[in-house]
Amino acid sequence: MSQQTFTIQPSESPQAPLSTFPSVGWSIVLLLLGGAVGWQLAHRRTAHSPVAKTNTDHPDEKQPNFTQVLQWVGHAKAFEKLNQYDEAVSIYDQGLTQHPQDFRLWHERGLALARLGRFEAAIASYDRAYELKPNQRDLAHERGDALLKLERYEEAIASFNMYLTYVPNSGHVLSDQGYALYQLNRYEEALQSLNRALNANDGDRDAKEYAHYYQIASLQQLGRLDAALKSCQTAMQRYAQDSFKTQHETLQQQISEAS
């Protein structure tokens, strides 16, 4: 595992605890959770009521609070399905007043904050989740995505590198890493990541299209115009995007001027 560690930033203070779970949307929660795991949820179960233990193979799921935590997550996810992310964040905050050491609530809270465009707050939430559970690879990926949005490219690359220690051939993460390197004018390094993304066998077509565009751009910046043009012609055959046509026209003009 990489020795890279996240810088823990102060998170926003959760709201005051409620004595009961919120009652709004319980029918949705029951649809999401009841059929999947057979929980018998009361309409207004108090936060201090007994919780049945679950028998699973996951050590975390043997903890007494596991079912309560998943109830909070499930309730928040019901609001997320309705694109009501502010409400979802509020529910995660309420859950955290009762379970402040649960990495899932911090992780899911970060995802909801990112959907709201509150990337600094999302990163702080991811950092807290990572502090509690440092071997969660998806945290590194999602944290990197938020850092990209903030144009904090060096930090994003560090997060992506951590994820890649677990999944070295992730086309999606390699393409994001290549983009970050491109933005830092590190074109040779960007090209290495983008080529790996294009050769990945994970079936992520969107990632390959994204990687192809910045591979061509990196070749162009390095003055390797013929290679860029050839790659662009391949991309035009694979993807119906006008951006590749624009690249192709620019490259043809540059090659003509250089002749």
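What are the aspartates and glutamates whose alpha-carbon lies under 14 Å from the alpha-carbon of LYS245, with same-chain residues fewer than 8 places away excluded?
By straight Cα distance, LYS245 reaches GLU209.
At 1.4 Å probe radius, can you tell me the per residue accessible area of the stretch 118-219 in Å²?
On the way: 4270 Å² over 102 residues.
Here the residues of the stretch 118-219 average 42 Å² of exposed surface.
Working with all protein chains in place, sort SER193, SER259 by solvent-accessible area computed with a 1.4 Å probe, largest first.
Numbers: SER193 10, SER259 120 Å².
Greatest to least solvent exposure: SER259, SER193.
I want to check the label-to-label distance for GLU249 and THR97. Put each point 7 Å from Cα in the C-beta direction and report it in nm to one decimal.
So the label points at GLU249 and THR97 sit 5.8 nm apart.
Using the Karplus equation 6.51 cos²θ - 1.76 cosθ + 1.60 (θ = phi - 60°), what ³J(HN,Hα) coupling, rounded to whole Hz, does each residue of the stretch 151-160 give in order, writing x for Gly and Pro?
6, 9, 5, 4, 5, 4, 4, 4, 5, 5
For the stretch 131-172, I need the span (max minus min coordinate) of the C-alpha atoms along each principal axis, in Å, sorted largest to smallest.
So the extents along the principal axes, rounded to whole Å, are 27, 25, 13.
Could you check how much of the accessible area of the stretch 107-259 is carbon and sulfur, as a whole percent, using a 1.4 Å probe?
It is 42 percent, rounded to a whole number.
What order, most packed first, do the peptides 98-108, 181-191, 206-216 have when packing is the mean number of other Cβ atoms within 10 Å of each residue? Don't skip to the answer; put the middle values down first.
Values: 98-108: 20.4, 181-191: 18.1, 206-216: 22.0.
Ranking, from highest mean packing down: 206-216, 98-108, 181-191.
How do 65-76, 240-251 rank on mean C-beta neighbours within 10 Å, highest first?
Details: 65-76: 21.1, 240-251: 14.9.
Ranking the peptides 65-76, 240-251 by packing returns 65-76, 240-251.
Run the quick spin-label model on GLU120 and ALA227: label points 7 Å from Cα toward the beta carbon, then report their separation in nm to one decimal.
With each label placed 7 Å out from Cα toward Cβ, I get 4.1 nm.
So if each residue of separation counts as 0.36 nm, and I subtract the Cα-Cα distance between ARG137 and TYR166, what length gain in nm does that give? Could you put the intermediate results ahead of the total?
Details: separation 29, 0.36 × 29 = 10.44 nm, distance 0.68 nm.
Result for the pair: 9.8 nm of gain on full extension.
The values are calculated or read from the model by the stated rules, or taken from the named source; none is laboratory data. A quick note: this is a predicted structure, and the numbers were derived from the prediction, not measured. Every residue, glycine as well, gets a Cβ built from its backbone with ideal geometry; the counts of neighbours run over all protein chains shown. Ligands, DNA and RNA are excluded from the accessible area calculation, which covers all protein heavy atoms including side chains. Shrake-Rupley method; radii C 1.70, N 1.55, O 1.52, S 1.80 Å.
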